[in-house]
Structure formats: structure tokens, C-alpha cells
């Protein structure tokens with residue numbers, strides 16, 4: 001399938017140039033020659049990150065341009081979806097941000113939208129003809145890479161909170177791993193403060209614990225969880241996250257190693273896998 005690849009322009013079948021006008025408006029110019037011999041009837045994928053409002057507008061500008069060129073079947077592959085975490089109204093006076101973003105994407109009238117490891121099922125419920133791409137292959141790749149260099153006697157998958165529990169049990173079934181540790185935490189929605197990291201597992205002596213989740217922003221959840229796991233005897237704690245924002249840097253207290261994709265960006269010092277392997 002041909003692609004319009006915004007994440008890796010050198011891999012794009014359609015060549016293009018982007019710019020930002022002085023007023024902040026994003027703009028794109030397609031190389032018409034590179035489009036000339038591409039079938040208008042065959043499916044075409046737009047591969048993108050939607051990290052911010054400009055990314056969102058750029059996707060719709062591209063869709064509009066391709067519509068004018070009479071492409072009949074345009075799909076969207078989203079590596080990271082802005083506002084996916086705001087999947088409900090958290091507090092009075094705040095927006096339902098994901099619903100707003102979904103409404104804008106729906107205006108594009110894409111034939112299909114694939115979203116890599118969205119935060120919750122709300123995203124695919126709100127976005128027309130959208131489908132979640134699981135993190136299963138990514139986690140499998142990360143584990144295989146880790147095991148190439150390390151030989152832990154015992155290991156487990158760790159769900160950092162109740163929100164990740166359903167997905168991690170599906171992942172464990174896919175990987176045929178039976179040892180799953182369920183953790184809990186408390187968050188003050190007004191301040192964002194995290195407290196009371198717990199697990200019902202009493203003893204993790206000598207184990208390598210793989211914390212699996214969709215997003216790492218500042219890393220507070222994972223630092224608190226890892227500290228608690230090590231207090232219960234864990235030998236090492238490895239973090240595997242689909243979307244690495246790492247707003248406070250590439251080191252997290254009590255975490256020994258980090259794996260991510262470049263769905264949001266790439267960061268030096270973190271083992272990163274190219275996201276297009278998982279969303280195309």
C-alpha cells in the first residue's frame with residue numbers, strides 16, 4: 001500500500017514540503033510529480049503523529065489535497081493521539097477534549113483510522129471507522145531485546161493501575177505469560193498528586209518486573225510503582241511504554257531500563273522502536 005508518511009518523510013511514496021506561516025498556520029505542498037503515477041483507486045495511508053493542534057490541522061489539509069486529486073480510499077494511521085487521556089470530563093469547568101478532537105477527525109471522512117495503543121476504548125467509540133492497534137507486537141519486541149542481553153531467573157508483567165489491567169491481561173494471554181502483578185495507586189484529580197502505591201503480591205524477591213503501560217509523561221506513576229516493587233524484593237524494574245513523552249527527562253527513579261516507540265518522539269538514552277512497524 002502506498003503511503004503519505006509524515007513521521008518518516010524519506011519513506012513516503014508521496015514527496016512533500018511543510019512549513020509554518022508567520023501567523024502560525026501549518027502548510028504543506030505536495031510534489032505533484034511523485035503523485036503522478038500513484039493509482040487514485042488503490043488505498044493510500046497517511047501515517048502521522050497527532051501531538052498538537054497543528055498536527056491535527058495538517059492531517060486534514062493533506063486529506064483535502066488528496067480529495068482534490070481524486071484519491072478514492074484514504075486511510076489514517078495515527079501513532080499518537082492528542083487528548084486521548086482526556087476521555088471524559090475530569091472536573092467541573094474542564095472540556096471533554098477527546099470528544100472535540102474526535103469531532104474534528106470525523107470531518108475528514110477517512111475510510112479507516114488506525115490508532116496505536118489508544119489510552120482507552122473511548123477513542124475508537126468516538127472516532128468514526130477507527131480501530132485500535134494493540135501494543136502486543138511492540139512489547140514482544142521489547143521483551144525479546146531485553147532477553148537477548150539479560151537472563152532473568154524469574155520475571156512478571158506489572159499493571160501499574162486499574163486502568164491498565166484489562167489490557168495487560170490480554171497482553172499476557174498473547175505472550176503466554178502467566179505471572180501478572182496488579183498494582184494500585186491513588187491520584188488527587190485537583191492537584192495530580194500520586195499516593196498509596198500498593199499491590200496484593202507479597203513477595204517479588206529476585207524477580208525482574210516489566211511495567212507495561214500506554215503513556216509515560218513525567219513518570220511519577222512508574223517511579224512510585226517501581227519503588228514499591230523494589231521494596232517487595234524486585235531485583236530489576238523495566239518500563240515498557242508505547243508512547244514516551246518523558247516531559248521530565250529520560251531517567252525515572254527506581255526504573256532500571258526503559259523501552260518505548262517513537263510514536264510521540266525519539267529520545268536519546270531510551271531504547272526506541274520505529275512505530276511504523278506496528279501501525280501500517
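The values are calculated or read from the model by the stated rules, or taken from the named source; none is laboratory data. Just so you know, these numbers come straight off a predicted model, no measurement behind them. Heads up, the Cβs are rebuilt from the backbone with ideal geometry, glycines too, and the neighbour counts pull from every protein chain shown.
Data overview
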read-out	value
Selection count, the range 90-118, where residues are modelled with pLDDT under 95 and either under 25 Å from residue 168 (Cα atoms) or surrounded by 15 or more Cβ atoms within 10 Å (Cβ to Cβ) (or both)	1
Looking only at the range 128-138, and only at residues there that are surrounded by fewer than 23 Cβ atoms within 10 Å (Cβ to Cβ) and in contact with a strand residue (DSSP E or B) (Cβ under 9 Å, 6 or more places away or on another chain), the one that is nearest to residue 211 (Cα to Cα)	134
Residue 66 vs. criteria in contact (Cβ under 8 Å) with a residue 24 or more places away in the chain, over 20 Å from the mean Cα position of the chain (by Cα), under 16 Å from residue 48 (Cβ atoms) and in the same structural domain as residue 40 (by TED's automatic domain parsing)	yes
Strands (runs of 3 or more DSSP E) completely within the range 183-280 that count 2 or more residues being touching a residue at least 40 places away in the same chain (Cβ under 8 Å), closer than 30 Å to residue 44 by Cβ and assigned by TED's automatic domain parsing to the domain that holds residue 146	207-216, 236-244, 257-261
Test result for residue 83, assigned by TED's automatic domain parsing to the domain that holds residue 116, within 19 Å of residue 116 (Cα to Cα) and part of a loop (DSSP other than H, G, I, E, B)	yes
